[in-house]
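The values are calculated or read from the model by the stated rules, or taken from the named source; none is laboratory data. The structure presented is a predicted model; accordingly, all values stated were derived computationally and were not measured. Glycine also receives a Cβ, built like all others from the backbone with ideal geometry; neighbour counts cover every protein chain displayed. SASA here: full protein model, heavy atoms, side chains in, ligands and nucleic acids out. Shrake-Rupley method; radii C 1.70, N 1.55, O 1.52, S 1.80 Å.
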Amino acid sequence: MNTLKERLRADLTTAMKARDELRTSTLRLAISAVKEAEVAGQSAHELTDDEVEKVLTREVRKRREAADAYAGAGRTEQAARERSEGEVLSDYLPKQLGDDELTAIVDKVLADGDFAGPKAIGPAMKAVQAVVAGRADGSKVAGLVKARLTA
């Protein structure tokens with residue numbers, strides 16, 4: 001089976017042949033970020049698909065934050081470009097959970113784990129993150145867990 005990194009490279013080749021400038025530049029940046037993550041730390045190593053997903057998730061978050069900053073500064077063209085790049089990268093990530101699905105998962109994990117009170121936020125976050133595993137934004141998960149445990 002093809003790894004996610006191989007899929008990125010193959011899609012880059014396809015985008016280059018199709019002369020798709022947005023997809024080509026976005027995939028080049030993504031592959032560069034993956035290579036950078038591979039050589040970071042004590043020793044270089046090949047990233048697993050899960051680690052590549054984490055890198056891509058970080059890149060999508062960077063694009064979203066940059067788009068918000070550009071939009072706030074009135075630079076709509078740059079904001080649109082950043083959003084488009086984020087959408088290209090999102091195609092390589094697992095489908096994100098909807099609000100209702102995420103709320104149901106948080107409620108179930110909190111009930112099953114018998115978490116209560118603000119002191120349980122850390123362990124509860126760890127348990128919820130294990131279940132959602134990259135299918136939801138961490139800040140959204142944190143907001144839901146905090147709201148449930150501090151109410």
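Once the whole set of protein chains is in place, how much accessible area is left on GLU46, using a 1.4 Å probe, in Å² to the nearest 10?
120
Can you list the residues of the range 46-60 with backbone N under 15 Å from a point 7 Å past the Cα of THR3, pointing along Cα to Cβ?
Taking a point 7 Å out along Cα→Cβ of THR3, the residues of the range 46-60 whose backbone N falls under 15 Å are 46-56.
Compute, for ASP99, the solvent-accessible surface of its heavy atoms (probe 1.4 Å) with the complete set of protein chains present, and express it in square angstrom to the nearest 10.
Result for ASP99: roughly 100 Å² accessible.
On a full-extension model of 0.36 nm per residue, what is the gain between ALA69 and THR13, subtracting their alpha-carbon distance, rounded to one decimal in nm? Intermediate values should be presented prior to the final figure.
Details: separation 56, 0.36 × 56 = 20.16 nm, distance 3.12 nm.
Result for the pair: 17.0 nm of gain on full extension.
Under a Cβ-Cβ cut-off of 14 Å, what is the net charge of the residues other than GLU82 that fall near it, where Lys and Arg count +1 and Asp and Glu count -1?
Details: positive: ARG61, LYS62, ARG63, ARG64, ARG75, ARG81, ARG83; negative: GLU59, GLU65, ASP68, GLU77, GLU85, GLU87.
Local net charge: +1.
Apply the Karplus curve 6.51 cos²θ - 1.76 cosθ + 1.60, θ = phi - 60°, to the phi angles in the range 51-68 and return the couplings in whole Hz, x for Gly and Pro.
5, 5, 4, 5, 5, 5, 4, 5, 5, 4, 4, 4, 5, 5, 5, 5, 4, 5
Filter the trypsin sites (Lys or Arg not before Pro) in the range 44-151 down to the DSSP loop ones having no more than 11 other Cβ atoms within 10 Å, then list what survives.
The qualifying sites are LYS95.
Can you give me the angle between helix 4-17 and the longest principal axis of the chain, using Cα atoms only, in degrees from 0 to 90, rounded to the nearest 10?
The angle comes out at about 40 degrees.
How large is the accessible surface per residue of the chain, computed with a 1.4 Å probe and reported in Å² as a whole number?
Heavy-atom accessible area per residue stands at 62 Å².
Could you go through the range 107-117 in sequence order and give the Karplus-derived ³J(HN,Hα) for each residue, using 6.51 cos²θ - 1.76 cosθ + 1.60 with θ = phi - 60°, rounded to whole Hz, and x for Gly and Pro?
Karplus-based 3J(HN,Hα) across the range 107-117 equals 4, 5, 5, 5, 5, 5, x, 6, 7, 8, x Hz.
What relative contact order, as a whole-number percentage, does the range 1-124 give when Cα pairs under 8 Å and 6 or more residues apart are counted?
Relative contact order comes out at 20 percent.
In a Debye calculation with equal point scatterers on the alpha-carbon sites of the chain and no solvent, what is log10 I(q)/I(0) at q = 0.09, 0.12, 0.19 Å⁻¹?
Calculated log10 I(q)/I(0) at the listed q: -0.38, -0.65, -1.13.
Which whole-number value in Å³ per residue fits the convex hull of the alpha carbons of the range 75-135?
With only Cα atoms used, the range 75-135 gives 118 Å³ per residue.
Roll a 1.4 angstrom probe over the protein heavy atoms and tell me the percent of accessible area of the chain that is carbon or sulfur.
52
In vacuum, with every alpha carbon of the range 67-109 counted as one equal point scatterer, what does the Debye formula give for log10 I(q)/I(0) at q = 0.15, 0.17, 0.19, 0.24 Å⁻¹? Two decimals, please.
Taken in order of the listed q values, log10 I(q)/I(0) reads -0.57, -0.65, -0.70, -0.77.
Tell me what the chain gives for mean residue ellipticity at 222 nm when only DSSP H runs of n ≥ 4 count, each as -39,500 (n - 2.57), the sum divided by the residue total, rounded to 500 deg cm²/dmol.
One gets -24500 deg cm²/dmol as the mean residue ellipticity at 222 nm.
If R₀ is 22 angstrom, what is the calculated FRET efficiency for the pair ASP99 and ARG61, using the beta carbon separation as r and rounding to 0.05? Show your work: numbers first, answer last.
Values: r = 18 Å, r/R0 = 0.83.
Given R0 = 22 Å and the Cβ-Cβ separation, E is 0.75.
Measure nothing fancy, just the Cα-based angle from helix 138-150's long axis to the longest principal axis of the chain, in degrees from 0 to 90, nearest 10.
With both axes taken from Cα atoms, the answer is about 10 degrees.
Compute the acute angle (0 to 90°) between the alpha-carbon long axis of helix 121-132 and the principal axis of greatest extent of the alpha-carbon atoms of the chain; round to the nearest 10°.
50
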